[in-house]
Structures are given as C-alpha cells and as structure tokens.
Amino acid sequence: MKPAADPTAAYTPAYTLEPVKKERAPIPAEDLVRRPNFINDIAAGKVELPTIPRVVQRLIAALRDPDVDSRRIGEALAQDPVLSAKVLRLANSSFFGGQRSMASIDAAVAMIGMQALNKLIVACGVSSAFKDIPGIDLPTFWRDALVAATAASKLAPRLGADAEEAYVCGLLHATGHLILCQTYPEIADVMFTGFAVVRGAELAAVEAEAFGIDHAAVGALWVETIGFPQPVADTIRKATQPSSDADAPLDVTLGSACALAASVAGKESAEAALTSLPTKMRALCTRADGSPDAAFAKLYEALQETEPTF
C-alpha cells in the first residue's frame, strides 16, 4: 500500500463518474420517471436513510473522547471481524513499517493511534452503507472522497479549522448523491449511466431536475442522523452554494479540498490546482512569485498517490 497523505467561486464535489464520450442532452419527458419528493418520502416511511453498523457508531462516538481507553476500543473492534481485519492490515502495512505480522487488535490500535484509527473506522463504516449504485463508479467515488478528506485535514490548520471535522466533511460531502441514486435507481440510471462527468452546480441542477433535491441537502440530513457534529452537517449543506467572504473556515476548507480532488482526477499540475482554490486558501498557499509553496506542492504530490485502505 502506498502511504496516503494521512490515514473559484463554484464548489466542485470530489466524486467523479467514469468519463465517456456521450454528452448530456435534455432527457425526453417520457423517459423520466416521476420526480420524487425525497423529504416527503422519508416522512411517509417510503424511504429509509442508509445506516452504518452499530459497532461503528459506538466506535465513532467513543473516539471523540480524548481520554478513551485503547482497550475499550479494542474490545469494540473485536465485535466486528471485517473491521478488525482492516485494522490489522493497516497496522501490518508498509505505512507503519510492516516489520512483523501483528495479530493483536490491542497492539494494532496502539500502533495506529486514535487519530488514524478514527479516520479508518469512519471511512469503513460509511462505505459499507453503499453497494452497486446505478450511475456511480464506486471505486472512483471513494478514491476522490478520500483525496478530498485528506486534503481537507491538511489544509484546515491554515485557516484555523478543525482538522478532524474537515476530514469528515471531505469524506462525506458527496454521499448525498449516492443516497439519491441508491434510493431511486431507475431515475439514476436514466440521468447518470453512460454520461460524461458532471460536478458542482451542474450536478446540483441535474439532481434538482431529476430528484427534486440536491446531494448537499441530502448529505447534510444524513450526516445529522448518524450523529456527526453539527458544523459538519452545516458545511456540507452549504457546499453547492457559491463561495463568499462570509464563509466560515470549514466552508473554505471543504471547497478547497474538493477543488484539489477534482484537479487530481483531471491529472492537472500543481500550478493549475493552486489556481482552482478559493481566494482565501490560494493566498495562503502561494509564494511571492505566484508559484505553489513547498507545503502545498508536497501535499498535492501525496494526494496524487492516495488510494483507499477501506
């Protein structure tokens, strides 16, 4: 496994669909399934939001406690063999030396550390809620989400934003699209399968046409239901809105991270990636001569090698 980097006005989500030659054109009315009302469908019990395993929810809550006992975490992990195996695989990976075969969950937790463990558990728990969704290349989706999450956690300190909250925002900001496509697969198939990638405001407009709601609103609702901090939900909810001078540090961080994820997906240079950042972040990452500073260049290089470990 290659080491991950830790493991402008328009918003650009971090997910992509596999680009193809087909260009988007207006969909004939007779080809569209009846536009649903997502909120009403939830209220009526016709739609249920995805769930994450209870053990994962408990672990996420426990890991927010800075004084949590690592043995308590190990005991909880032992209840989920799949998650335990992923933790052991990470502990035995080259990222942590890989000098010996570690079989103890407690030892693996101690080696990985609570911060990296929290990121792994969140990613595993969330990704397990989505399988085989029409119109979505899930491996690409999760790679881009991890790139955004990693970028967000590294950029957050430049603006004084919370790095852990930024990571979660980056990882989960586009999950609303997965939820919509998973909930209404017939519509997703018509609107997204076989089309070239759409992002940001364009994607939100397509979702509003097809589903009556966009991924930012749905993602924020879901994040609230599974118990993540309110600032995370608030930032995700505003993600498709144009940036402004009034944006909070976490908002700017998420917009920057998503812009970098899109640049990585497009195989752009560091110089091009820098120009895609919101003004506030770009100013903090630029040398006097207009080139990327050393920290930004190093981060962008690492992002290009990021691969999911979940």
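Once the mean of 1/r is taken over each pair of separate Cα atoms and inverted, the stretch 185-310 shows a Kirkwood hydrodynamic radius of 16.4 Å.
Once the C-beta distance of SER104 and ASP65 is scaled by a Förster radius of 22 Å, the resulting FRET efficiency is 0.45 to the nearest 0.05.
The residue list ALA163, HIS173, GLN115 was ranked by how far each Cα lies along the charge dipole of the chain toward its positive end, using unit charges on Cβ atoms, and GLN115 comes out on top. Placing dummy labels 7 Å off each Cα toward the beta-carbon, the span from GLU305 to GLU75 is 4.0 nm. Across all Cα pairs in the stretch 52-128, the calculated P(r) in 10 Å bins from zero up to the longest distance comes to 19, 58, 21, 1 percent per bin. Note on the stretch 52-128: dipole from Cβ charges, positive end direction compared against ALA103, ILE60, SER128; the farthest Cα belongs to SER128.
Between THR286 and ASP293, the built amide H atoms are under 5 Å apart, and every one of these is 5 or more places off in sequence or on another chain. Taking the Cα centre of the chain as origin and assigning +1 to Lys and Arg Cβ atoms and -1 to Asp and Glu Cβ atoms, the resulting dipole is close to 560 debye. Binning the C-alpha pair distances of the chain at 20 Å intervals from 0 yields a P(r) profile of 33, 57, 10, 0 %, listed from the shortest bin outward. For the stretch 174-188, backbone phi angles converted through the Karplus equation (6.51, -1.76, 1.60; θ = phi - 60°) give residue-by-residue couplings of 9, 5, x, 5, 4, 4, 4, 5, 6, 6, 10, x, 5, 5, 4 Hz, Gly and Pro being listed as x.
Quick note: the coordinates plus some simple rules give every number you see, no bench work behind them. This is a predicted model, so every value here is computed, not measured. Backbone-built Cβ (ideal geometry, glycine too); neighbour counts: all protein chains shown.
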